[in-house]
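Working notes, structure below.
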Amino acid sequence: MKKIAIPFVQLFSLLFLFSCSVNKAKIDNDLKEYFSANKVEGTFSMLNNADGEITVYNMSMDTVRVSPFSTFNILNALIALENGVVTDLDMNLKISDSSNEKGMNITQAFKSDFTPFFQKISKQTGKAAMQKWVDSISYGNKNIADSLHSFWVDNKIKISPDEQLGFLKRLYFDQLPFRKSVQLQVRDMMVQEDNSAYKWSYVMGNGKDENDQFVSWLIGWVEENRHVYFFTTLIKSTEKKQQQDQVVLKISKDILTHYDFFKGKK
């Protein structure tokens, strides 16, 4: 059999794409009820870092790339803090359509999913630098096109739930090509719930794909008893659900509760 040589750059991309090895995943079709109850199509994937076990519902969606929407704020924030576009967490930027005359800092923008803030820091980063960083971590299809202010919300750059899972793991363990202090700052911004039983960190994103379907992401991790579990939830619907972000949040929380999280027993 003839051997095919794979260039190093291409090989690296393939390794990153399959960093969570979906081929070894456990398929859990019982999770369908959580999507059906909310009348949406979707996929859920989870990686138990302790033993490497991956659980997936709806593999056909788990490996298909779609726009990251506001989940790209994770990478946008990493780049801005690394490059000095944002010098520290308290640095305020004035945004033209912001009602806050004093401006807004990156933590406030991140927590409130304020897209104009991230559009501004993306423009200040510049196309060459942005492309360099996107290429350096092989983020999805790596296509930022010419729309520096909107490529993550207008279906230019795309990433699969499986790739998001690998990206989250690298962020958690300081394995991305950014300073450890910067990765820690972004992880801290992702924390949504923190108590004695568990710590839940996530980011959401919503938008429409090319087929006019409404898409919602929720990606992050849960920590209990010093164990970390990475997860992604992606839903699609031909009809816009009221408070779409609340739908994907509910599904994610219901599934994690189904797996006995949020009790401090994992």
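The values are calculated or read from the model by the stated rules, or taken from the named source; none is laboratory data. Only a predicted model underlies this, so the values are computations on that prediction, with no experimental measurement involved. Don't worry about glycine lacking a Cβ; one is built from the backbone with ideal geometry, like all the others, and counts go over all protein chains shown.
Say whether the condition of being basic (K, R) and outside any loop (DSSP other than H, G, I, E, B) is met by at least one residue in the stretch 148-168.
Scanning the stretch 148-168, I find no residue that is basic (K, R) and outside any loop (DSSP other than H, G, I, E, B), so the answer is no.
Is it fair to say K158 is among the basic types (K, R), crowded, with 18+ Cβ neighbours inside 10 Å and either touching a residue at least 60 places away in the same chain (Cβ under 8 Å) or in contact with a helix residue (DSSP H, G or I) (Cβ under 9 Å, 6 or more places away or on another chain) (or both)?
In short, yes.
With respect to the numbered conditions (1) closer than 24 Å to N141 by Cβ; (2) part of a helix (DSSP H, G or I); (3) in contact with a helix residue (DSSP H, G or I) (Cβ under 7 Å, 6 or more places away or on another chain); (4) not hydrophobic (A, V, I, L, M, F, W, C), which one is the sole condition not fulfilled by R187?
Every condition holds for R187 apart from (1).
When you scan the stretch 197-266 for strands (runs of 3 or more DSSP E) that lie fully inside it, which ones turn up with 2 or more residues that are surrounded by fewer than 20 Cβ atoms within 10 Å (Cβ to Cβ), of a type in the set (K, R) and at negative phi?
199-208
Can you tell me which residue within the stretch 1-48, out of those that are charged (D, E, K, R) and in a loop (DSSP other than H, G, I, E, B), is modelled with the highest pLDDT?
Once the filter is applied, the top-ranked residue is D28.
Could you tell me which numbered condition M130 fails, if it satisfies all but one of (1) hydrophobic (A, V, I, L, M, F, W, C); (2) under 24 Å from L249 (Cα atoms); (3) assigned to a helix (DSSP H, G or I)?
Result: M130 fails condition (2) only.
Those residues that are within 16 Å of Y172 (Cβ to Cβ), touching a helix residue (DSSP H, G or I) at 6+ places or on another chain (Cβ under 9 Å) and not β-branched (V, I, T), I need them from the stretch 224-266; list them, please.
Those that are within 16 Å of Y172 (Cβ to Cβ), touching a helix residue (DSSP H, G or I) at 6+ places or on another chain (Cβ under 9 Å) and not β-branched (V, I, T): Y229, F230, F231.
Could we say that K111 is of a type outside the set (D, E) and more than 20 Å from M190 (Cα to Cα) here?
no
Here is a yes/no grid of residues against (1) farther than 20 Å from S181 by Cα; (2) loosely packed, with under 14 Cβ neighbours inside 10 Å; (3) of a type in the set (V, I, T):
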{"residue": "A77", "(1), (2), (3)": "no, no, no"}
{"residue": "T87", "(1), (2), (3)": "no, yes, yes"}
{"residue": "F114", "(1), (2), (3)": "yes, no, no"}
{"residue": "S122", "(1), (2), (3)": "yes, no, no"}
{"residue": "Q131", "(1), (2), (3)": "yes, no, no"}
{"residue": "F151", "(1), (2), (3)": "yes, no, no"}
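Can you tell me which residues in the stretch 231-251 are within 17 Å of N58 (Cα to Cα) and either among the hydrophobic types (A, V, I, L, M, F, W, C) or more than 14 Å from the chain's Cα centre (by Cα) (or both)?
F231, L234, I235, K236, S237, V248, I251
Scan the stretch 165-179 and give yes if some residue there is more than 22 Å from L218 (Cβ to Cβ), of a type in the set (K, R) and in contact (Cβ under 8 Å) with a residue 60 or more places away in the chain, otherwise no.
yes
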